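Enquirer: Got a structure for you, written out below as structure tokens; questions coming shortly.
Where a number appears in this text, it was derived from the coordinates with a stated rule and is not lab data. Being a predicted model, the structure only gives us computed values, none of them experimental. Every residue, glycine as well, gets a Cβ built from its backbone with ideal geometry; the counts of neighbours run over all protein chains shown.
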Amino acid sequence: MPSEFKRLLVERGIKKLYPPQEEAIRAGLLKGKNLVVSAPTASGKTLIAELAIIKKVMEQKVKALYLTPLRALAYEKWLEFRKYEERGLLKTAVTTGDYDSDDRWLGNYDVIVCTNEKIDSLIRHKAPWLSDVGIIVSDEVHLISDPERGSTLEAVLARLRSSLKNVQIIALSATISNAKEIAEWLDAELVESNWRPVPLKIGVCVSNRILFDDGREHVFESLTGNPIIDMALEVVKSGGQCLVFTNTRQNAVKYADKISRRVGELVDFEEVKDLCEEMEWGEEAPIINEELVNLIKRGVAFHHAGLSARQRRIIEEGFRRFKIKVVCSTPTLAAGVNLPARRVIIQDYRRYEVYRGMYRIPVLEFHQMAGRAGRPQYDEYGEAIAVARTELEALEIFTHYVKSRPERITSQLINEASLRKHVLATIASTDECTLDDIHNFISKTFYAHQFTATGALLSVRGVLRFLEREGFITIRGDTFTATKLGQRVSELYIDPLSATTLLRCMKVIKEGSLLKYLHLICKVPEVPKLHVMRREMEKLGDMVLESDEILPGEEEDLTTLMSEVKTALLLRDWVNEDHENDLVIRYDVGPGDIYAITQAAEWICYAASEIAKVANLTIHAKRLSTLAPRIKWGVKEELLELLQLEAVGRVRARTLYRHGFRSLKDIASAKPFELAELPRIGPKLAQKIIEQAQKILKLQDSGAGGI
């Protein structure tokens, strides 16, 4: 290994490798062997990947791909790799968005960190630098079993293994039951370990008594009568931090509020003042920022997917810096960024879903939450405690969760929607694709290894007939060729069935109103839908049946149509610049929900405009291409020019426009004090946006375009 790399490890306090890291090296990590590493959280899996990447990239002058399931995790890993760039060892980049680009600029970097979906998109766009990849790290590979996103990871690994010869694959996983099966699929050595740097005790709490898996018992003081509050308070008093995993967003907020009333007296406001100021500065719904500020003042926060990325980042950083003592979160945090605590409390092992009712969470998910307990270098041990209401329920939790191994990981690729996307991608990425090419792709999948390729190939035949019938491919004998439409749909990274739905609707629409276009976008499954509450059904039902702005449903039931319409109404209010506070209250959503919906809707709107171009539906193409950036920013068309400025969102853009700064030229010629006096601008930001406006105009004058 390079001496500079070893010096850096010593500076980080790493003088001796953990047992799983030693075992990985003995298994051939530094000799180019494929490895599957199945080990608990905080057991040093990331350093295993770093060792292999440094060795391979620096010796063989190849590129490394680091794949993650989540954007937040991608940015976290990118920051970790930046330390090598600062020492002149590796150039590192991160890419997670824009599914309609080959990102040629990444060819200048040694390590590329990206999400599974992004690399799938880059493969479809035939990114030229992909042929230089010599090592792939797949983080959280057990998520192959995820019903929604697992098939993408599986297809990506299958396609990369088919196209890249002699590539080294390092797959990192939580402890799972069939890690050996995944290792066999990837032709890899298996490194399996239960070792943790901080010992973990898992227990079950009944009343104020905790029984741990090692047979020991702990009785805590019952101050409030609520064991969750009392256990959180106990660990904070002893100088530790606590994560409370709840089964709903409402419970995350509720417990954060209750715990804060007790923990607040132990927190010095000066310690959290900077966090509060940063939280207040955001453009999201002030009602939620204020709620979080009031909690953070008392050393507590809640965390769930309804928060914006900025809000979640502030909370995560505050917890890492020991300023926030307790975070109450939904389980999404367990599968995301690294956020360990001395004590983890699992409020409920059950979860409710609208179409499923109450069900027990998977054993793997329980152990992922439990694995967050214990902070290396800070705690001598970690505690994960599930809460039971009765002794009988405590016994059930011990039997089903504490003493059980996680479930087997199974392939999700046989899902028809997944096959449509990935079979079309296989055909579109080859000039003349044959049945052998498709067979080769299927044979490299985990599905073929776990079951047989025969079952998948039978399903593929039905998919091929669909793709030909809808005009995505042409078939001549055993040769398949993507049409212009099929090529574009594959590049746009949407389900071909969704493309069919969009195309059929656009052919029916003669004059599209704003709401009609937004309903069009909401008709495909890629856009998350809002749940329709009972009190809304009559009003939405009447609208669906009577309004000529609503597209008719084909085989959808009334409830599905109402859900589409409610989501379209949210988008209408969003692009008409309704205040985010009003949207949060009116539609019972959080900033994160609004972001998830608008992000997906923007992409589908853009995709629809591109499909309309291919189909020569010129009017629809033009209107949808203008609507897409409005959905992204939540603004009327007149503000789009101002949104080229960094740090200017929908609120600041409207403020500038209202005060007469309606173009980049207006801002470029403004005096800093004129902008600094405006609400939510200030001297520093005023100077920054003036300089940016001048730079953009200069680039435009030189023919280089905007930023």
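Enquirer: Would you please classify the overall shape of region 1-117 from the alpha carbon gyration tensor, given that a ≥ b ≥ c denote the square roots of the eigenvalues, rounded means a/c under 1.5, and beyond that prolate means a/b larger than b/c while oblate covers the rest?
Expert: Prolate, since a/c reaches 1.5 and a/b exceeds b/c.
Enquirer: Check cross-link reach from Lys665 to the lysines: straight Cα distance under 16 Å, and skip same-chain residues fewer than eight apart.
Expert: List returned: Lys688, Lys695, Lys698.
Enquirer: Could I ask something else about it? If you take Cα Rg over 2.2 N^0.38 Å from the coordinates, which of (1) 1.00; (2) 1.18; (3) 0.94 do you get?
Expert: Answer by label: (1).
Enquirer: Going through region 123-216, which trypsin sites (Lys or Arg not before Pro) have at most 11 other Cβ atoms within 10 Å and a DSSP loop state?
Expert: Lys165, Arg216
Enquirer: By the scheme Lys and Arg +1, Asp and Glu -1, what is the net charge of all other residues having a beta-carbon under 9 Å from that of Arg652?
Expert: Summing Lys/Arg as +1 and Asp/Glu as -1 gives +2.
Enquirer: Also: Taking square-rooted eigenvalues a ≥ b ≥ c of the alpha carbon gyration tensor, is region 528-677 rounded, prolate or oblate, where a/c under 1.5 means rounded and, failing that, a/b exceeding b/c means prolate?
Expert: oblate
Enquirer: Counting only residues 5 or more places away or on other chains, whose amide H sits under 5 Å from the amide H of Lys91 once H atoms are built in the peptide plane?
Expert: It is Asp110, Val111, by chain and number.
Enquirer: What fraction of the DSSP beta bridges in region 1-154 is antiparallel, stated in percent and rounded to the nearest 5?
Expert: Restricted to region 1-154, the bridges split so that about 0 percent are antiparallel.
Enquirer: So, one more: What FRET efficiency would be calculated for the residue pair Gln599, Trp281, taking the C-beta separation as r and a Förster radius of 22 Å, to the nearest 0.05?
Expert: After rounding to 0.05, the efficiency reads 0.50.
Enquirer: Once phi is turned into ³J(HN,Hα) by the Karplus curve 6.51 cos²θ - 1.76 cosθ + 1.60 with θ = phi - 60°, what whole-Hz value does each residue of region 578-595 show in order, with x for glycine and proline?
Expert: 4, 4, 4, 4, 5, 5, 4, 6, 5, 10, 6, 10, x, x, x, 5, 4, 4
Enquirer: For the pair Ser547/Glu677, report the inter-label distance in nm, with labels modelled 7 Å from Cα in the Cβ direction.
Expert: The two pseudo-label positions are separated by 4.3 nm.
Enquirer: Turning to a different aspect of this structure: Excluding residues on the same chain fewer than 8 positions from Lys523, give the lysines whose Cα lies under 26 Å from its Cα.
Expert: Lys118, Lys421, Lys484, Lys507, Lys510, Lys539, Lys566, Lys613, Lys622, Lys632, Lys636
Enquirer: Could you run the Karplus curve 6.51 cos²θ - 1.76 cosθ + 1.60 with θ = phi - 60° over region 477-489 and give me ³J(HN,Hα) per residue in whole Hz, x for Gly and Pro?
Expert: Ordered by residue, 3J(HN,Hα) equals x, 9, 10, 10, 10, 6, 6, 4, 5, x, 4, 5, 5 Hz.
Enquirer: May I ask you to evaluate 6.51 cos²θ - 1.76 cosθ + 1.60, the Karplus curve with θ = phi - 60°, for each residue of region 379-392 and list the ³J(HN,Hα) values in order in whole Hz, giving x for glycine and proline?
Expert: Once θ is set to phi - 60°, the couplings for region 379-392 become 10, 7, 7, x, 10, 10, 10, 8, 9, 10, 8, 9, 4, 5 Hz.
Enquirer: Which entries of Lys31/Lys61; Lys201/Lys325; Lys201/Lys403; Lys45/Lys237; Lys16/Lys56; Lys77/Lys273 show an alpha-carbon separation above 23 angstrom in the structure shown?
Expert: Flagged as over cut-off: Lys45/Lys237; Lys77/Lys273.
Enquirer: May I ask for the distance between the Cα centers of region 642-664 and region 104-148, given as a whole number of Å?
Expert: Taking the Cα centre of region 104-148 as reference, the centre of region 642-664 is 36 Å away.
Enquirer: Report, in whole Å, the centroid distance computed from the Cα atoms of region 237-279 and region 20-70.
Expert: After rounding, the separation between the Cα centres reads 36 Å.
Enquirer: A follow-up question, please. Pull out the extension gain between Arg313 and Leu223, defined as 0.36 nm times the separation in residues minus the alpha carbon to alpha carbon distance; nm, one decimal.
Expert: Computed gain between Arg313 and Leu223 is 29.2 nm.
Enquirer: Quote to one decimal, in nm, the extra length available between Arg360 and Glu380 on full extension: 0.36 nm per residue of separation minus the C-alpha distance between them.
Expert: 4.1 nm
Enquirer: Restricting to DSSP loop positions (anything but H, G, I, E, B) with no more than 11 other Cβ atoms inside 10 Å of their own Cβ, which GluC sites (Glu not before Pro) remain in region 405-507?
Expert: Passing sites in region 405-507 are Glu432.
Enquirer: Using alpha carbon centroids, what distance separates region 498-535 and region 290-332, in Å?
Expert: Cα centroid of region 498-535 versus Cα centroid of region 290-332: 35 Å apart.
Enquirer: May I pose another question? List the residues, sorted by chain then number, that are 5 or more residues from Tyr66 or on another chain and whose placed amide H is less than 5 Å from its amide H.
Expert: Ile112, Val113, Cys114, Val137
Enquirer: Less than 14 Å Cβ to Cβ from Glu691, Lys/Arg counted +1 and Asp/Glu -1: what total charge do the surrounding residues give?
Expert: +4
Enquirer: Relative contact order for region 273-357: what percent, with Cα pairs under 8 Å and sequence separation of 6 or more?
Expert: Across region 273-357, relative contact order equals 25 percent.
Enquirer: Could you work out how far apart the two model spin labels at Met533 and Arg476 are, taking each label as a point 7 Å from the Cα in the direction of the beta carbon, and quote it in nm?
Expert: Taking the two extended label points, one gets 5.9 nm.
Enquirer: Still on this model: Taking amide hydrogens as modeled 1.01 Å from N in the peptide plane, which residues meet the under 5 Å criterion relative to Glu189, leaving out close sequence neighbours?
Expert: So Glu189 has HN proximity to Asn34, Leu35, Val36.
Enquirer: Sticking with this structure for a sec: Of all DSSP beta bridges located in the chain, what percent are antiparallel, nearest 5?
Expert: Taking every DSSP beta bridge with both residues in the chain, the antiparallel ones total about 25 percent.
Enquirer: For Leu164, what charge total do you get from the other residues with a beta carbon under 11 Å from its beta carbon, if Lys and Arg give +1 and Asp and Glu give -1?
Expert: Summing Lys and Arg as +1 and Asp and Glu as -1 gives +3.
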